[in-house]
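Undergrad: Dumping the structure here so I can ask a few things about it.
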Amino acid sequence: MADLLEWPKKDNRRMLHVVYRVGDLDRTIKFYTECFGMKLLRHRDIPDEKYANAFLGFGPEESHFVVELTYNYGVTSYEIGDGFGHFAIATQDIYKSVELVRAKGGNITREPGPVQGGTTVIAFVKDPDGYTFGFIQRPTVHDPFCQVMLRVGDLERSIKFYEKALGMKVLRKVDKPESKYTAVMLGYGEEHETTVLELTNNYGVTEYSKGNAYAQIAIGTDDVYKSAEVVSQVIQEVGGKITRQPGPIPGLNTKITAFLDPDGWKTVLVDNVDFLEELK
């Protein structure tokens with residue numbers, strides 16, 4: 001058991017992509033490429049199952065965190081809920097980034113300026129489906145897509161889950177009594193060098209609505225079977241649920257396993273070798 005629980009720390013983990021649903025694929029692709037500077041990396045249409053996907057990011061999927069947009073035929077809008085927080089993009093010139101979004105008709109919800117009680121300059125905008133994107137000013141930028149923020153009902157429980165089940169490290173913890181929230185950054189590398197998961201708890205709030213828009217984060221692993229065993233053990237301790245037993249996806253042969261954290265947020269673990277094969 002002790003050896004098994006050590007596996008996530010030894011595994012070759014990387015956050016691969018985030019999946020969410022949009023009401024108009026072409027409209028979102030246009031917005032992300034023109035306003036954010038993302039590139040369209042892959043596009044696939046599955047008429048038999050009545051959906052299409054588009055993968056966008058700031059660099060190749062082999063080395064960058066990307067978004068996987070899902071369009072379900074005939075569905076033009078989704079409920080985002082109050083559990084999803086934001087995505088964040090690091091930029092060396094936040095004022096220029098915001099002006100570009102404004103020029104393209106985007107919705108600026110917070111003008112650039114320092115965070116409350118700090119010096120980091122941030123801004124917030126909304127995409128056409130209502131997803132919030134934050135801009136963060138940084139002197140150097142590695143992969144611009146730097147954060148996925150979700151709200152959770154018990155921060156310590158979530159930290160335990162993501163540390164033990166997924167092998168993430170706590171990179172930074174912030175308590176903001178004046179704004180009545182606590183946040184923690186978790187990931188597989190230094191915060192300024194990699195994409196991180198930001199979990200936030202608002203004081204006194206134990207449950208959030210998930211909506212039906214945001215779907216999941218995908219993370220690479222060298223062994224989905226062993227990883228699923230670890231997740232099962234941790235779920236017994238802190239909660240959660242396996243939603244897909246480890247094994248290949250029919251027709252694609254990529255091995256995955258999927259599960260919910262104690263708050264119901266979904267993660268999919270993807271075999272690293274199979275993932276690279278899929279990209280060929």
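Undergrad: Does LEU69 satisfy the condition of being outside any helix (DSSP H, G or I), more than 13 Å from TYR131 (Cβ to Cβ) and either without any contact (Cβ under 8 Å) to a residue 12 or more places away in the chain or touching a Phe, Trp or Tyr at 6+ places or on another chain (Cβ under 8 Å) (or both)?
TA: Here the answer is no, as LEU69 does not meet what is asked.
Undergrad: Let me spell it out: the conditions are (1) without any contact (Cβ under 8 Å) to a residue 24 or more places away in the chain; (2) under 18 Å from VAL196 (Cα atoms), and GLY59 meets all of them except one. Which number is the exception?
TA: Single failed check for GLY59: (1).
Undergrad: Something else: Have a look at ILE242, ILE235 and point out the one that is β-branched (Val, Ile, Thr) and within 25 Å of THR70 (Cα to Cα).
TA: ILE242
Undergrad: Name the pairs: first residue in the range 150-167 and farther than 23 Å from GLY134 by Cβ, second residue aliphatic (A, V, I, L, M) and open to solvent by less than 60 Å² (accessible area, probe 1.4 Å), Cβ to Cβ under 6 Å, at least 6 apart or on different chains?
TA: Listed by first residue and then by second, the contacts come to ARG157/VAL238; LYS160/VAL238; PHE161/VAL238; LYS164/VAL234; ALA165/VAL231; ALA165/VAL234.
Undergrad: Same structure again: Need the failing condition index for GLY83 against (1) open to solvent by 20 Å² or more (accessible area, probe 1.4 Å); (2) under 24 Å from the mean Cα position of the chain (by Cα), just the number.
TA: (1)
Undergrad: Can I ask one more? Given (1) under 17 Å from LEU260 (Cβ atoms); (2) outside any loop (DSSP other than H, G, I, E, B); (3) under 16 Å from the mean Cα position of the chain (by Cα), identify the lone condition not met by GLU198.
TA: (1)
Undergrad: Of the residues ARG14, ARG21, which single one is touching a helix residue (DSSP H, G or I) at 6+ places or on another chain (Cβ under 9 Å), within 30 Å of THR182 (Cβ to Cβ) and open to solvent by 40 Å² or more (accessible area, probe 1.4 Å)?
TA: It is ARG14.
Undergrad: Going by the conditions given, is GLU49 open to solvent by 40 Å² or more (accessible area, probe 1.4 Å) and over 28 Å from PRO250 (Cα atoms)?
TA: Against the criterion (open to solvent by 40 Å² or more (accessible area, probe 1.4 Å) and over 28 Å from PRO250 (Cα atoms)), GLU49 does not qualify.
Undergrad: Here's a check for you: in the range 39-62, which residue that is touching a helix residue (DSSP H, G or I) at 6+ places or on another chain (Cβ under 8 Å) and of a type in the set (A, V, I, L, M, F, W, C) is nearest to ASP143 (Cα to Cα)?
TA: For the range 39-62, the residue satisfying everything is LEU56.
Undergrad: Considering (1) surrounded by 15 or more Cβ atoms within 10 Å (Cβ to Cβ); (2) under 28 Å from ILE136 (Cα atoms); (3) in contact (Cβ under 8 Å) with a residue 60 or more places away in the chain, say which one LEU186 fails and leave the rest.
TA: (3)
Undergrad: Separate question: Give the number of residues within the range 129-175 that are outside any strand (DSSP E or B), open to solvent by less than 60 Å² (accessible area, probe 1.4 Å) and more than 28 Å from SER63 (Cβ to Cβ).
TA: 4
Undergrad: Pairs under 7 Å by beta carbon, first residue free of Cβ contacts under 8 Å to residues at least 40 places away in the same chain in the range 193-220, partner outside any loop (DSSP other than H, G, I, E, B), six or more apart or different chains?
TA: From the range 193-220, the pairs are TYR203/TYR181.
Undergrad: What number of residues within the range 86-109 are open to solvent by less than 70 Å² (accessible area, probe 1.4 Å) and in a strand (DSSP E or B)?
TA: 7
Undergrad: Checking ARG42 against (1) surrounded by 12 or more Cβ atoms within 10 Å (Cβ to Cβ); (2) charged (D, E, K, R); (3) free of Cβ contacts under 8 Å to residues at least 12 places away in the same chain; (4) in a strand (DSSP E or B), which test does it fail?
TA: (3)
Undergrad: Given TYR208, TYR203, which one is buried (at least 21 other Cβ atoms within 10 Å of the Cβ) and out of contact with any helix residue (DSSP H, G or I) (no Cβ under 9 Å at 6 or more places or on another chain)?
TA: TYR208 is the lone residue from the list that is buried (at least 21 other Cβ atoms within 10 Å of the Cβ) and out of contact with any helix residue (DSSP H, G or I) (no Cβ under 9 Å at 6 or more places or on another chain).
Undergrad: Tell me, yes or no, whether the range 110-127 has at least one residue that is in a loop (DSSP other than H, G, I, E, B), open to solvent by 20 Å² or more (accessible area, probe 1.4 Å) and farther than 25 Å from LYS180 by Cβ.
TA: Checked the range 110-127: no residue is in a loop (DSSP other than H, G, I, E, B), open to solvent by 20 Å² or more (accessible area, probe 1.4 Å) and farther than 25 Å from LYS180 by Cβ.
Undergrad: Out of all the residues in the range 103-116, which are modelled with pLDDT under 95 and among the charged types (D, E, K, R)?
TA: LYS104, the sole residue that qualifies.
The values are calculated or read from the model by the stated rules, or taken from the named source; none is laboratory data. Note that this is a predicted model, so its numbers are computed, not measured. Cβ: placed from backbone, ideal geometry, glycine included. Neighbour counts: every protein chain shown. Accessible surface areas use protein heavy atoms only, side chains included; no ligands, DNA or RNA. Shrake-Rupley method; radii C 1.70, N 1.55, O 1.52, S 1.80 Å.
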